[in-house]
Amino acid sequence: MTETKVNSEKLIGAQIFLECLRKEGVDKIFGYPGGVILSIYEALYSCDFIKHYLVRHEQAAVHAAEGYARATGKVGVALVTSGPGATNTVTGIANAYYDGYPIVVFTGQVGSNQIGNDAFQEADIIGITRSCCKHNYLVKDVKELPRVIKEAFHIASTGKPGPVVVDMPKDVLCAKSSFEYPETIKLPGYNPNYNGHPKQISKALELLCEAERPLILAGGGIVASAAMNELKLLSEKLNVPVTNTLMAKGVFPEDNDFSLGMLGMHGNFWANHAISSCDVLFAIGTRFNDRITGCLKRFAKDAQIIHVDIDPCSINKNVKVDIPIIGDAKNVMTAMLEEFDSNNYEIHFDVKQSWREQIGEWKKKRPVFEHPSEKLSAITVIKKVYEYAKNSDPIICTEVGQHQMWAAQLMKFNKPRKFITSGGLGTMGFGFPAAIGAAVGTDNGLVINIAGDGSIQMNIQELATCVQYNLPVINIIINNGYLGMVRQWQEKLFNKHYSQTKISGPDFVKVAQAYGARGYRVTKEEEIIPVLQEAIECREPVFIDCVVEECEMVYPWVLAGDPLNKVILSNE
Amino acid sequence: MRKNHVISVLVKDEAGIVSRLSGLFSGRGYNIESITAAQTSEKGYARITIETSGGDADVIEQITKQLNRLIPVLKVVDLRDVESIERELILCKVIAKDEDRSEILRIAEIFGAKIIDVTPRTYTLQAVGDERQIRSLIELLRPIGIRELVRSGKVGITRANQFSSTKTVE
């Protein structure tokens with residue numbers, strides 16, 4: 001610490017705010033100005049250490065901050081004004097909360113003396129966001145601002161990461177104070193437990209070694225704790241195959257023999273069968289969301305379940321577990337590996353061999369690729385995009401719906417933070433702004449957003465942001481003229497009553513051009529690669545409107561509430 | 001009948017803290033039978049006592065975990081899990097007809113209740129007791145005619161020394 005700790009010169013709250021961000025190492029933020037935070041924008045005007053990205057809707061600022069956080073592992077920051085600016089952030093905050101990514105959302109608030117008086121652009125954002133963020137603060141005194149901001153970044157990025165909201169009244173931002181950034185944090189009510197209980201760890205290890213049909217279920221917690229190496233070692237040493245959740249794509253190389261890929265509602269046939277038949281399930285960093293468990297009663301019904309999670313609330317919430325371990329994925333697995341190496345645990349490779357063979361049998365069962373008409377198939381588009389782009393190490397973002405599931409099924413990753421998708425909340429309109437955040441976070445690396453024609457229209461205005469900062473985000477719009485996933489449910493479960501799911505859209509090529517971006521239309525298979533090649537090479541924001549077959553369905557498919565091994569593989 | 005759980009929560013005394021806790025209950029579908037909140041002996045800390053009903057062991061486990069997850073929550077104790085004493089205070093305005101007055105006084109005496117206000121038509125009783133005592137008292141007063149009943153909600157304290165001060169958590 002060579003910097004002088006106390007700056008005798010007094011600063012106003014808005015300047016203190018920026019100094020705090022600097023102390024936290026923040027150099028890029030996403031935001032939208034407004035009345036009560038004008039003092040911050042005044043301070044930003046002459047600020048050379050923070051680059052502000054002006055979005056076109058506050059929801060997008062928060063999604064972009066989350067996309068930035070997901071791509072970089074750093075805390076994403078969004079800055080918005082009071083009232084509608086603040087309420088527009090709610091979806092973004094909830095999204096980051098469900099998927100557990102660290103962001104800090106700064107909202108302006110009306111002056112302290114006006115709070116509660118229904119002032120212009122007043123909203124009780126603290127009350128509104130209480131149930132969808134990890135923590136929130138209303139700053140009442142400029143002297144508290146540095147402490148609150150330090151705590152906010154700490155809470156957002158530690159334990160199970162998540163969003164923190166800091167609400168800053170106008171007068172606090174204008175009040176003067178000397179700036180001193182606290183060096184320590186005192187939060188007696190917040191002590192995430194990083195190290196698993198040694199006894200539980202031994203028990204878990206023993207169980208896994210003795211198992212005949214063991215399986216590892218890898219969740220998003222492994223991304224947060226960067227435990228990919230430990231996971232791989234554990235899988236290899238104990239001879240245990242690995243299946244992953246949507247949030248954990250890439251934590252275990254999907255081309256590895258031990259990988260079963262994604263499980264769940266639209267997961268692999270073999271992964272769902274393996275989890276239904278395993279005798280020991282080692283689950284790490286997952287909440288056991290209903291989209292991966294199917295019918296709870298039948299989920300891993302023969303298995304003893306070991307569950308590692310840093311959030312005690314995740315344990316025994318949905319699935320009853322036999323060995324709970326509260327701790328950080330990396331620490332727990334490291335402890336297991338150390339214990340395994342230092343004691344003579346025996347692995348009966350021959351016992352597990354028949355399990356491997358069984359999984360091999362299941363792996364032969366794949367959904368039949370039915371090409372229903374002459375029109376372009378969405379599956380073909382996504383396959384081709386993946387095959388062409390995979391060697392350029394792209395970040396793939398998605399919106400929510402059929403295209404999201406196809407992307408998750410067809411695109412394989414061998415490292416995390418490369419597949420950015422809204423899992424828990426299932427937010428249409430997430431992918432495009434998240435892709436913007438990812439592009440900003442990776443200094444304009446290759447970012448491709450796989451979108452639907454429904455989803456893209458939920459935050460289509462962000463194309464202006466892309467153009468303004470020349471962010472080369474490529475949007476592949478899987479355009480089938482329907483809200484495809486809902487349509488799929490209606491086809492199967494509601495007698496083909498396509499109620500309100502046929503959705504029209506604009507001419508996406510013209511929209512792109514109107515915004516000053518590039519637009520392409522693809523209607524034939526052979527056009528995909530040349531267009532994509534041009535899109536990647538031009539280094540500009542791009543819309544590629546892929547007009548595809550309407551009726552394609554996502555398979556495998558486990559109907560909501562069905563057990564995981566009741567997999568539908570085709571229209572039959 | 002499943003007994004209610006009384007959960008004692010030590011929190012940092014800050015604006016909105018009751019709302020943070022009660023919002024958690026409503027948002028996750030847990031029942032609140034009663035809730036009381038007040039400062040503790042140490043400045044800056046408050047104790048919130050929540051009585052919850054209808055939850056099996058799994059629900060109670062989730063409730064305690066979810067409460068613990070809140071940042072300003074320092075300590076959560078399910079008083080059912082430990083040796084503890086629970087009390088509730090009630091104020092009860094009873095219709096006092098001439099022929100009932102001596103009966104009211106007798107009931108008050110048995111339950112150690114005080115008459116804290118008298119009007120030509122009513123007696124107001126103040127009583128403190130555990131759940132069973134309070135229930136019996138109300139059952140006895142009901143046929144006489146309760147005009148108004150105000151209950152404090154339960155408060156509780158552990159008998160052992162395990163949950164005495166904020167110092168243990170810092």
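Conditions tested, residue by residue: (1) within 24 Å of the chain's Cα centre (by Cα); (2) surrounded by fewer than 24 Cβ atoms within 10 Å (Cβ to Cβ); (3) assigned to a helix (DSSP H, G or I); (4) of a type in the set (A, V, I, L, M).
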site	(1), (2), (3), (4)
A:GLU9	no, yes, no, no
A:GLU19	no, yes, yes, no
A:TYR41	no, yes, yes, no
A:ALA96	yes, no, yes, yes
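Please verify whether B:LYS3 is part of a loop (DSSP other than H, G, I, E, B) and either within 13 Å of chain A (Cβ to nearest Cβ) or more than 19 Å from B:VAL82 (Cα to Cα) (or both), treating the condition exactly as stated. Let's see the steps before the verdict.
Working: part of a loop (DSSP other than H, G, I, E, B): yes; either within 13 Å of chain A (Cβ to nearest Cβ) or more than 19 Å from B:VAL82 (Cα to Cα) (or both): no.
No.
Give just the number: which of (1) farther than 19 Å from A:TYR41 by Cβ; (2) part of a helix (DSSP H, G or I) does A:ALA86 not satisfy?
Going through the list (1) farther than 19 Å from A:TYR41 by Cβ; (2) part of a helix (DSSP H, G or I), A:ALA86 breaks only (1).
Every residue, every condition in (1) under 32 Å from the mean Cα position of the chain (by Cα); (2) within 29 Å of A:GLY159 (Cα to Cα), yes or no:
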{"position": "A:ILE325", "(1), (2)": "yes, yes"}
{"position": "A:ALA329", "(1), (2)": "yes, yes"}
{"position": "A:THR334", "(1), (2)": "yes, yes"}
{"position": "A:GLU339", "(1), (2)": "no, yes"}
{"position": "A:TYR345", "(1), (2)": "no, no"}
{"position": "A:LYS352", "(1), (2)": "no, no"}
{"position": "A:TRP355", "(1), (2)": "no, no"}
{"position": "A:GLU361", "(1), (2)": "no, no"}
{"position": "A:GLU370", "(1), (2)": "yes, no"}
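Of the conditions (1) part of a loop (DSSP other than H, G, I, E, B); (2) touching an Asp or Glu at 6+ places or on another chain (Cβ under 9 Å), A:ILE477 clears all except one; give me its number.
Against the list (1) part of a loop (DSSP other than H, G, I, E, B); (2) touching an Asp or Glu at 6+ places or on another chain (Cβ under 9 Å), A:ILE477 comes up short only on (1).
Name the residue, out of A:ILE103, A:ILE126, A:ILE50, that is farther than 20 Å from A:THR442 by Cβ and either touching a Lys or Arg at 6+ places or on another chain (Cβ under 8 Å) or not assigned by TED's automatic domain parsing to the domain that holds A:GLY426 (or both).
A:ILE126
Which condition does A:LEU145 not pass, out of (1) within 30 Å of A:HIS63 (Cβ to Cβ); (2) within 13 Å of chain B (Cβ to nearest Cβ), if it passes all the others?
(2)
Taking the conditions exactly as written (within 27 Å of A:SER422 (Cβ to Cβ), away from chain B (no Cβ under 14 Å), part of a loop (DSSP other than H, G, I, E, B) and among the basic types (Lys, Arg)), does A:ARG56 satisfy them or not?
yes
What is the number of the single condition among (1) farther than 16 Å from A:GLY452 by Cβ; (2) free of Cβ contacts under 8 Å to residues at least 60 places away in the same chain; (3) acidic (Asp, Glu) that A:GLU370 does not meet?
(2)
Just checking: which of the strands (runs of 3 or more DSSP E) contained wholly in the range A:213-326 hold 1 or more residues that are crowded, with 23+ Cβ neighbours inside 10 Å, touching a Ser or Thr at 6+ places or on another chain (Cβ under 9 Å) and within 14 Å of another protein chain (Cβ to nearest Cβ)?
Passing ranges, in order: A:304-309.
Quick check on my filter: what residues within the range A:98-119 are assigned to a loop (DSSP other than H, G, I, E, B) and either farther than 9 Å from A:PRO163 by Cβ or among the aliphatic types (A, V, I, L, M) (or both)?
A:GLY100, A:VAL110, A:GLY111, A:ILE115, A:GLY116, A:ASN117, A:ASP118, A:ALA119
Working carefully through the options A:LYS160, A:LYS186, A:LYS150, find the one that is within 14 Å of another protein chain (Cβ to nearest Cβ) and in contact with an Asp or Glu (Cβ under 6 Å, 6 or more places away or on another chain).
Numbers: A:LYS186 fails: in contact with an Asp or Glu (Cβ under 6 Å, 6 or more places away or on another chain); A:LYS150 fails: in contact with an Asp or Glu (Cβ under 6 Å, 6 or more places away or on another chain).
Selected residue: A:LYS160, the only one of A:LYS160, A:LYS186, A:LYS150 that is within 14 Å of another protein chain (Cβ to nearest Cβ) and in contact with an Asp or Glu (Cβ under 6 Å, 6 or more places away or on another chain).
Taking A:MET1 as meeting all but one of (1) modelled with pLDDT of 95 or more; (2) farther than 22 Å from A:GLY423 by Cβ, write down the number of the exception.
That leaves (1) as the condition not met.
Please state which one of B:LYS97, B:LYS43, B:LYS93 is out of contact with any helix residue (DSSP H, G or I) (no Cβ under 8 Å at 6 or more places or on another chain) and crowded, with 18+ Cβ neighbours inside 10 Å.
None of the other options fit; the residue is B:LYS93.
Can you tell me which residue among B:SER53, B:SER19, B:SER26 is surrounded by fewer than 17 Cβ atoms within 10 Å (Cβ to Cβ), under 18 Å from the mean Cα position of the chain (by Cα) and within 13 Å of chain A (Cβ to nearest Cβ)? Steps first, answer last, please.
Details: B:SER53 fails: within 13 Å of chain A (Cβ to nearest Cβ); B:SER26 fails: under 18 Å from the mean Cα position of the chain (by Cα).
On inspection, the qualifying residue turns out to be B:SER19.
The values are calculated or read from the model by the stated rules, or taken from the named source; none is laboratory data. Quantities reported herein were computed from a predicted structural model and do not represent experimental measurements. Using ideal geometry, Cβ is built from the backbone for each residue, glycine included, and neighbour counts are taken over all protein chains shown.
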